[in-house]
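First comes the structure, then the notes that go with it.
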Amino acid sequence: MQYIKKIFLGLFLGANVLTVLLLWASCACTWISPSVVPQQTVITLAFPIFLTANLAFVFFWLICKARFAVLPVLGTLVVGGYVMDYCPLHCQEDTPNDSSILLVSHNIGTMTGEEKHLAFVQYVKETDADILCLQEVDPTLLTRKAFVAMLDSMGYGKMQKDNRCILSKFPFAGGAESLAYTSTTGNGSMVCRLLCGPDTLLIVNNHLESYGLTDEEKGRYKKAIKHPESDETSGTVLTLARRISNTAQIRGAQADSLCAFIDSHAGESMIVCGDFNDTPISYVYQQIGKRLDCAWRNSGQGIGLSYNQMGFFVRIDHIFHSSDWISHNTRIDNKMVLSDHYPLHTILCRKPN
């Protein structure tokens with residue numbers, strides 16, 4: 001009996017070692033550009049699975065063999081920075097009223113039709129943000145009388161480039177331009193400047209390469225999750241993995257171009273936000289995070305699921321900012337369900353000189 005117990009403990013110990021190695025591998029893959037090795041994105045997306053399995057082993061060992069719990073604990077601590085990127089734990093706090101800015105980033109791609117447009121106009125009024133960075137904007141929204149009247153009544157200026165739009169209560173300094181990189185239709189990065197106090201504020205509003213899944217493919221994916229034993233599951237997973245890898249290859253090159261732009265404007269006051277179509281455990285996020293502060297990392301709470309389609313539990317919308325700003329109370333507004341993305345809010349305050 002004692003011999004059988006040792007065999008089982010050995011098997012579980014081996015399984016725990018494997019989960020730790022896979023957890024580390026998913027983090028290490030963020031160092032490699034998907035433009036070079038696109039398949040790495042599939043591994044990074046599995047980070048929460050490996051993390052959950054590793055944490056489950058902590059409780060298992062505490063019950064069965066307490067001293068072995070050191071393995072999953074140390075395994076998690078080694079990648080603790082990535083865990084905090086994925087799921088930071090900050091409390092809500094009071095924020096200074098003076099010179100604070102409320103910024104909202106929102107992909108409103110599926111928000112079409114008069115009823116949704118009018119509801120969105122009302123949402124903007126109630127939110128009263130200083131800056132709104134919108135992605136995948138339906139061009140008919142921008143010409144609706146209610147939308148134009150709202151801009152005038154609330155003192156918003158509007159800058160548009162393709163299907164990206166910025167609404168701002170701060171004056172625009174010049175026009176908008178697009179970053180040059182390879183992309184399919186509907187993706188890109190919009191750059192403009194705002195006159196914000198004594199300085200100019202550089203805004204980069206992004207929609208990086210999307211996975212481009214059709215409704216049929218999303219349906220098959222959800223079916224595979226609910227019924228993993230189905231004969232169709234393996235084919236669905238392989239198709240999804242190929243799609244993820246192909247789009248990640250394009251997105252990796254876009255991230256390199258975006259980072260080159262950030263580097264060329266180092267030292268300037270800057271906000272880089274939008275729908276990056278990548279999670280915190282990704283090459284895209286980690287590369288930008290090396291250059292700028294992430295609002296969610298510094299003042300968000302929990303995983304923060306920004307994509308609201310069932311079965312896709314991810315935060316792919318992010319707000320980054322230069323170090324002259326401090327973020328407060330970054331949150332996902334999950335009461336706003338007009339789009340397939342939730343709005344991402346943060347309050348930014350200038351650091352004291």
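The numbers here are math on the coordinates, done by the rules we state, and not lab data. No experiment lies behind these values; they were computed from the predicted model shown. Backbone-built Cβ (ideal geometry, glycine too); neighbour counts: all protein chains shown.
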(request) Only loop residues by DSSP count here, and only those with at most 10 other Cβ atoms within 10 Å; note down the GluC sites (Glu not before Pro) in the stretch 46-138 that meet that. (result) 93
(request) Could you give me the radius of gyration and the Dmax of the stretch 135-196, taking only the C-alpha atoms into account and expressing both in angstrom? (result) 12.6, 38
(request) Please arrange 78, 70 by counting, for each residue, the other beta carbons lying within 10 Å of its beta carbon, fewest first. (result) 70, 78
(request) Rank 280, 34, 48 by mean-square fluctuation in a GNM of the chain with C-alpha springs under 10 angstrom and give only the top-ranked residue. (result) 48
(request) Sort 324, 152, 85 so the one with the fewest other Cβ atoms within 10 Å of its own Cβ comes first. (result) 152, 324, 85
(request) Determine how many Å³ per residue the convex hull of the Cα atoms of the chain encloses. (result) 158
(message) With +1 on the Cβ of every Lys and Arg and -1 on the Cβ of every Asp and Glu, and nothing else charged, how large is the dipole of the chain about its Cα centre, in debye rounded to the nearest 20?
(response) 1040
(request) Taking the chain as the reference, fit the longest principal axis to its C-alpha atoms, fit the long axis of helix 145-154 to the helix C-alpha atoms, and give the angle between the two in degrees, 0 to 90, nearest 10. (result) 80
(request) Have a look at 294, 273, 196 and tell me which one the Gaussian network model of the chain (Cα, springs below 10 Å) gives the largest fluctuation. (result) 196
(message) Under 5 Å between amide hydrogens, which residues at least 5 positions from residue 318 or on another chain qualify, with H placed 1.01 Å from N in the peptide plane?
(response) 274, 276
(request) Please work out how much length the chain gains when fully extended from residue 59 to residue 125, using 0.36 nm per residue of separation minus the C-alpha to C-alpha distance, in nm with one decimal. (result) 19.0 nm
(request) Rank 170, 59, 120 by mean-square fluctuation in a GNM of the chain with C-alpha springs under 10 angstrom and give only the top-ranked residue. (result) 59
(request) Could you estimate the translational diffusion coefficient of the stretch 1-106 from the Stokes-Einstein equation, with Rh from the Kirkwood formula over C-alpha pairs, at 20 °C and 1.002 mPa s, in whole µm²/s? (result) 130
(request) Measure nothing fancy, just the Cα-based angle from helix 233-264's long axis to the longest principal axis of the chain, in degrees from 0 to 90, nearest 10. (result) 50
(request) Return the sequence-ordered ³J(HN,Hα) values of the stretch 270-286 in whole Hz as given by the Karplus equation 6.51 cos²θ - 1.76 cosθ + 1.60 applied to θ = phi - 60°, using x for Gly and Pro. (result) 8, 10, 10, 9, x, 9, 8, 6, 8, 7, x, 9, 7, 4, 4, 4, 5
(message) I need 238, 102 ordered by Cβ neighbour count within 10 Å, fewest first.
(response) 238, 102
(message) Among the listed pairs 145/169; 116/351; 169/351; 145/351, which have their C-alpha atoms separated by more than 27 angstrom in this model?
(response) 116/351; 145/351
(request) Measure nothing fancy, just the Cα-based angle from helix 47-64's long axis to the longest principal axis of the chain, in degrees from 0 to 90, nearest 10. (result) 40
(request) May I ask for the Kirkwood hydrodynamic radius of the stretch 108-214, worked out over all distinct Cα pairs and given in angstroms to one decimal? (result) 14.6
(request) Would you work out which of 184, 127, 41 lies farthest towards the positive end of the dipole of the chain, given +1 charges on the beta-carbon of Lys and Arg and -1 on that of Asp and Glu, about the Cα centre? (result) 41
